[in-house]
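Asker: Quick one: the structure is below, questions incoming.
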Amino acid sequence: MTLERKWVSGLRPMQAMAVLYGEGNVEASRELVDGLSWQIFEGPERKPLTGLRRAMTGFVFWLMQKTTREDMRTGPDGKTVVAYRNRILEYTKHPYTSTLLQPSNGDTAFLVEGGDPMNAIYMLLSPEVHRSAGLWDRLLLDSVPSRDVQIRFAWETRLTYEFAAQRLKRGEPVRIKAFAAGTGLSVILTCDRLLRDGHDPKLIRAVISDRDIAHCNKTIRLIEKLPRLRELIDRTGDAASGIFARAEDIFQEPSTAEREQPYHVVTAVGILEYFVGHTYTTTEERLGEGTPSGSPNAEDLLRAVANATAAGGHLIMNTHRESVATRILEVFGKRFRYRTPANLAALAASAGFKSIGTRFSGNVYDALVFEKEA
Ligand SMILES: C[S@@+](CC[C@H](N)C(=O)[O-])C[C@H]1O[C@@H](n2cnc3c(N)ncnc32)[C@H](O)[C@@H]1O
């Protein structure tokens, strides 16, 4: 039985996302967090798409290839940027399409940013928002890869909670760190659940980091609206417990304090697929453009993550496998580095992590857990 959540009833995914991360709408934001938490920790498991919806993906890829054209423009800094035109997507007027069509900053044009579009996908985990979603919401935000992203997010959250709760039940403090966390919604839901279970907030330290400061501002705005978590905000980064949202590049040198106090549960989700090394193929190889290289690479990323992880600590990461669904995003300039669980395990081993299991395998992603060897 789910509780009636009247403030979120009728909200569509993009509206829900604006409510959650915007100023105000306190009741609706709390209900959204409750609904997401219920779905992840108590609700029926969402399943990867199968059948006709999955079979249609090949047709959608063909259609997108046929109907999309590149539009070269000059950006504000005088550099050439690529935008995309597609009549079908433009016709939908759905805000998500702008992430595919609009020119993005040259350095990040190839990656899926963890901002509004990604968060709108997560909003579909709310039972009420799922019910209110329209046709285009379902086609764009609940597609084969998007459904996998929702389930990957649910697993990331459950696993972070599981490893943190194990320590707390033994009366030990837990330090959690999410790298490239976007708005850190997964950590927010984890901490909310741990406190709801009655764990001592003084034993919990969570650091949500992403290089984009706009995401960190959203994190704080949301936490300020949540009564259980509000008191935990650490605004200076100096506290031993509480939640700290930090604009940080993964490759930035960790502070001495962080080196001395590594984390017990670490996540690096939705990020490795943009870094080369230990892949079975890449977008560039698939398109006949040669093998991409460059640094920092995936091993550099894993080394940075390992430096922040305690011996015996747990690391949650994902694979990204090549499929017709991911080729649709490649039509819009996205570039991926594809890995199987075995590729990811070899990459993790390069930084001293051993795989302790795959927890989810969907159409595109697997969620894997690693332990840092002593
Ligand atoms: C696809 S999103 C994934 C966000 C989140 N982990 C999730 O699963 O929803 C990728 C995120 O990585 C961040 N990012 C990219 N490069 C980064 C870097 N070098 N250091 C820190 N964050 C980075 C982006 O700002 C973006 O929020």
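Just so you know, all these numbers are worked out from the coordinates, no wet-lab data involved. All of these numbers come straight from a predicted model, not from anything done at the bench. A quick note on method: Cβ atoms are made from the backbone with ideal geometry, for glycine too, and the neighbour counts reach across all protein chains shown.
Asker: Pick from G270, G35, G352 the residue whose mean-square fluctuation is largest in a GNM of the chain, springs joining Cα atoms under 10 Å.
Answerer: G352
Asker: Let me ask something additional. Dipole of the chain, Cα-centred, from +1 at each Lys and Arg C-beta and -1 at each Asp and Glu C-beta, to the nearest 20 debye?
Answerer: Values: 49 positive and 46 negative charges, 176 e Å.
With only Lys, Arg, Asp and Glu charged at Cβ, the dipole is about 840 debye.
Asker: While we're here: Could you work out the local net charge near A239, counting Lys and Arg as +1, Asp and Glu as -1, over the other residues with Cβ closer than 11 Å to its Cβ? Provide the component values of the computation, followed by the final result.
Answerer: Working: positive: K202, R205, R235; negative: D234, D238.
Net local charge, A239 excluded: +1.
Asker: Normalised by the residues of the chain, what does the relative contact order come to in percent, with Cα pairs under 8 Å and at least six apart? Provide the component values of the computation, followed by the final result.
Answerer: On the way: 663 pairs, mean separation 64.9, N = 374.
Contact order relative to length: 17 percent.
Asker: Find which of L315, G24, T67 sits farthest along the positive direction of the dipole of the chain, computed with +1 on the beta-carbon of Lys and Arg, -1 on that of Asp and Glu, about the Cα centre.
Answerer: T67
Asker: In µm²/s, what is D for segment 1-159 at 4 °C and 1.567 mPa s, where D = kT/(6 pi eta Rh) by Stokes-Einstein and Rh is the Kirkwood radius from Cα pairs? Each step should come with its number before you reach the end.
Answerer: Working: Rh = 17.2 Å.
For these conditions, the coefficient is 75 µm²/s.
Asker: Using a 7 Å offset from the Cα along the Cα-to-Cβ direction at both R170 and I220, what is the distance between the two label points in nm, to one decimal?
Answerer: For R170 paired with I220, the spin-label model returns 3.5 nm.
Asker: Looking at segment 210-264, which trypsin sites (Lys or Arg not before Pro) are in a loop (DSSP not H, G, I, E or B) and have at most 13 other Cβ atoms within 10 Å? Kindly include the intermediate steps, with their values, before the conclusion.
Answerer: On the way: sites: R211, K218, R221, K225, R228, R230, R235, R246, R259; in loops: R211, K225, R235.
The qualifying sites are R235.
Asker: Which is farthest toward the positive dipole end of the chain among M123, L168, T157, measuring Cα position about the Cα centre, with Cβ charges +1 (Lys, Arg) and -1 (Asp, Glu)?
Answerer: Ranked along the dipole, the leading option is M123.
Asker: Starting from 0.36 nm per residue, how many nanometres of slack lie between E258 and T291 once their C-alpha separation is accounted for? Mind dumping the intermediate values first?
Answerer: Values: separation 33, 0.36 × 33 = 11.88 nm, distance 3.55 nm.
The span from E258 to T291 would gain 8.3 nm if fully extended.
Asker: Would you work out if the chain is rounded, prolate or oblate? Take a ≥ b ≥ c from the square roots of the eigenvalues of the alpha-carbon gyration tensor; rounded if a/c is under 1.5, else prolate when a/b is larger than b/c, oblate otherwise.
Answerer: On the way: a/c = 1.58, a/b = 1.20, b/c = 1.32.
Verdict is oblate for the chain.
Asker: Another question, if that's okay. Taking springs between alpha-carbon atoms closer than 10 angstrom, which of D234, D200, D34 fluctuates most in the Gaussian network model of the chain?
Answerer: Of D234, D200, D34, the Gaussian network model singles out D200 as fluctuating most.
Asker: I'd like the distance between the alpha-carbon centres of segment 184-227 and segment 255-269, rounded to an integer number of Å.
Answerer: Taking the Cα centre of segment 255-269 as reference, the centre of segment 184-227 is 16 Å away.
Asker: Just report the Cα centroid separation between segment 307-374 and segment 41-103, whole Å.
Answerer: 24 Å
Asker: Can you put D142, D197 in order of Cβ neighbours within 10 angstrom, beginning with the fewest? Working shown, then result.
Answerer: Values: D142 19, D197 11.
So the residues, fewest neighbours to most, are D197, D142.
Asker: Considering only Cα-Cα distances, which of the following residue pairs are longer than 20 Å: K47/K218; K334/K354; K177/K372; K218/K372; K334/K372?
Answerer: K47/K218; K334/K354; K218/K372; K334/K372
Asker: Right, something else. Which of I176, I250 has the fewest other C-beta atoms within 10 Å, and how do the rest follow up to the most? Mind dumping the intermediate values first?
Answerer: On the way: I176 27, I250 18.
Ordered from fewest to most neighbouring Cβ atoms within 10 Å, I176, I250 come out as I250, I176.
Asker: Among DSSP beta bridges lying fully in the chain, give the percent that are antiparallel, nearest 5.
Answerer: Working: 22 of 43 bridges.
So the antiparallel bridges amount to about 50 percent of the total.
Asker: Now for a different question. Using +1 at the C-beta of Lys and Arg and -1 at the C-beta of Asp and Glu, which of L344, P292, I204 has the Cα lying farthest in the positive direction of the dipole of the chain?
Answerer: L344
Asker: Check which residues have an amide H placed less than 5 Å from T281's amide H, if you skip close sequence neighbours.
Answerer: Y338
Asker: With runs of 4+ DSSP H residues as the only contributors, calculate the mean residue ellipticity of the chain at 222 nm using -39,500 (n - 2.57) per run, divided by the residue total and rounded to the nearest 500.
Answerer: Working: 17 runs with 162 residues, N = 374.
Mean residue ellipticity at 222 nm (helix-derived): -12500 deg cm²/dmol.
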